[in-house]
Amino acid sequence: MLLGTGTGAFAMPAPFRVGGNGQGTVNVATGGFDRDGHPDLAVLNLTDVSVLLGTGTGSFRPQTRVAIRSGGYVVRAVAVADFDRLRACVSELCEIQRAVVTLRMLDERPGEDVAMVLGISRGHVAVLLHRAKRALRACMT
């Protein structure tokens, strides 16, 4: 990895161990995974993903390897989102929108279950979810 020096040039390469047993790296993506505001890495290897958490100094903690459950498919890329920012955006939603997003999108509950739990109509659940998604899209861009 090459880190910028702040002068338009790069510092010497900084090596980071990923994968294991001679695995090849397939794809790399950056994002925020641990709520500290530092960039983190997800590295797709042939059989797993190496997650390296940034320290904020241009280096990373040792990898954590996560197995891939691909259902027999060949995984060719890893995609990430800025979870730190997403958490912040969700926290900005009003309480009822946060509840709908949690129940519908995270817990994957059907709309009628969400309506029953929250004591509102299915139509109101749909409206709240639509408005929450619109607010989240605006917040994330």
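The values are calculated or read from the model by the stated rules, or taken from the named source; none is laboratory data. Fair warning: this is a prediction, and the values are worked out from it, not measured in the lab. Quick reminder, even Gly has a Cβ in these numbers, built from the backbone with ideal geometry, and neighbours come from all protein chains shown. Note: areas computed on protein heavy atoms with side chains; ligands, DNA, RNA excluded. Shrake-Rupley method; radii C 1.70, N 1.55, O 1.52, S 1.80 Å.
Key figures for this structure:
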read-out	value
Filter result (within 23 Å of the chain's Cα centre (by Cα) and either open to solvent by less than 80 Å² (accessible area, probe 1.4 Å) or modelled with pLDDT of 85 or more (or both)) within segment 1-23	Leu3, Phe16, Val18, Gly19
Neighbours by Cβ (under 9 Å, 6+ apart or cross-chain): first from segment 82-96, among the hydrophobic types (A, V, I, L, M, F, W, C) and in a helix (DSSP H, G or I); second open to solvent by less than 70 Å² (accessible area, probe 1.4 Å) and modelled with pLDDT under 90	Phe83/Gly31; Phe83/Gly32; Phe83/Phe33; Phe83/Asp34; Leu86/Gly32
All positions within segment 101-137 that are closer than 22 Å to Asp84 by Cβ and open to solvent by less than 70 Å² (accessible area, probe 1.4 Å)	Val101, Thr102, Ala132, Ala135, Leu136
Residue list for segment 1-39, filter: free of Cβ contacts under 8 Å to residues at least 24 places away in the same chain and not in a loop (DSSP other than H, G, I, E, B)	Gly4, Phe10, Thr25
Yes/no for Leu86 being open to solvent by 50 Å² or more (accessible area, probe 1.4 Å) and within 30 Å of Ala11 (Cβ to Cβ)	no
Residue in segment 62-85 that is modelled with the lowest pLDDT, counting only those that are of a type in the set (Ser, Thr, Tyr) and within 14 Å of Val26 (Cβ to Cβ)	Ser70
Among (1) β-branched (Val, Ile, Thr); (2) modelled with pLDDT of 95 or more; (3) touching a Ser or Thr at 6+ places or on another chain (Cβ under 8 Å) - the single one Ile120 does not satisfy	(3)
From Val78, Val51, residue being assigned to a strand (DSSP E or B) and in contact with a strand residue (DSSP E or B) (Cβ under 7 Å, 6 or more places away or on another chain)	Val51
Subset of segment 54-75 (residues that are under 17 Å from the mean Cα position of the chain (by Cα) and outside any loop (DSSP other than H, G, I, E, B))	Gly54, Thr64, Arg65, Val66, Ala67
Residues of segment 91-100 satisfying the condition of being open to solvent by less than 40 Å² (accessible area, probe 1.4 Å) and either under 23 Å from Thr30 (Cα atoms) or polar (S, T, N, Q) (or both)	Gln97
Subset of segment 35-45 (residues that are at pLDDT 85 or above, open to solvent by 50 Å² or more (accessible area, probe 1.4 Å) and over 11 Å from Phe60 (Cβ atoms))	Asp36
